1. Please state the shape class of segment 83-149: rounded when a/c is under 1.5, otherwise prolate if a/b exceeds b/c and oblate if not, all from the C-alpha gyration tensor.
2. Using a basic spin-label model with each label point 7 Å from the Cα along Cα→Cβ, how many nm lie between residue 51 and residue 98?
3. In nm, give the distance between the simple-model label positions of residue 12 and residue 67, each being 7 Å from the Cα along the Cα-to-Cβ direction.
4. Contour minus end-to-end for residue 121 and residue 28, with contour as 0.36 nm per residue of separation and end-to-end as the Cα-Cα distance?
5. First check a/c for segment 52-111, with a ≥ b ≥ c the square roots of the eigenvalues of its C-alpha gyration tensor; if it is under 1.5, answer rounded, and if not, answer prolate when a/b is larger than b/c or oblate otherwise.
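Values in this text are rule-based calculations from the coordinates and carry no lab data. Since the model is a prediction, treat every value here as computed from it, not as a measurement. Neighbour counts are summed over all protein chains in view; Cβ atoms, including those assigned to glycine, are modelled from backbone coordinates with ideal geometry.
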Amino acid sequence: MNAGEFTITPQQLSDLWKRFHERIAGFTDFGSPGNEFHKQELDYKRKVLQRYQTEIGNEQLRKWVDAGEGNKAREEISKRIQANLVAYQSWRPSVGSTDEQSAAVLRAFLDATATPYAGSSTIQPIIQATLTQGLKPSWDTLAAVLWAMSPNDYFPVKIDHYRQLA
């Protein structure tokens, strides 16, 4: 195994799928997700996404970021998409607590989502911007912000699912 490479055994994968199916009964794949998946994962997320897109959207967020209003941008997006997708404690450590930090990190998100997802290299600049600002990337924040900005390329998973699978 190379440094930084993640491997999972067939047994570990089987255990993860078992736990996932206990929480989301009837899920086969995203093409056939079953009724529980729709109820638990899709309906409220559509409302959250619509709220972000109609009340702010990427264009307004970019205006705040370009004007150096990183904190305003962070606060406004977090109000719209937090729901139970992102732990409220994750925003400042992963997006920033100053205008400069938040603007730099959110600019990286906006730049990454300006083009379709093309593999892990697409989000690498977000991770780099986060680390450069002395912050720690958070998976729940990363997934939710990417999804809000580019819902055709990304999909968030509830923070509770990350915790339960861990």
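1. Working: a/c = 1.75, a/b = 1.20, b/c = 1.46.
Here segment 83-149 falls in the oblate category.
2. Taking the two extended label points, one gets 3.1 nm.
3. Modelled inter-label distance: 4.7 nm.
4. Details: separation 93, 0.36 × 93 = 33.48 nm, distance 2.83 nm.
Gain in length upon complete extension: 30.6 nm.
5. Details: a/c = 1.91, a/b = 1.12, b/c = 1.70.
Judged from the Cα gyration tensor, segment 52-111 comes out oblate (a/c at least 1.5, b/c at or above a/b).
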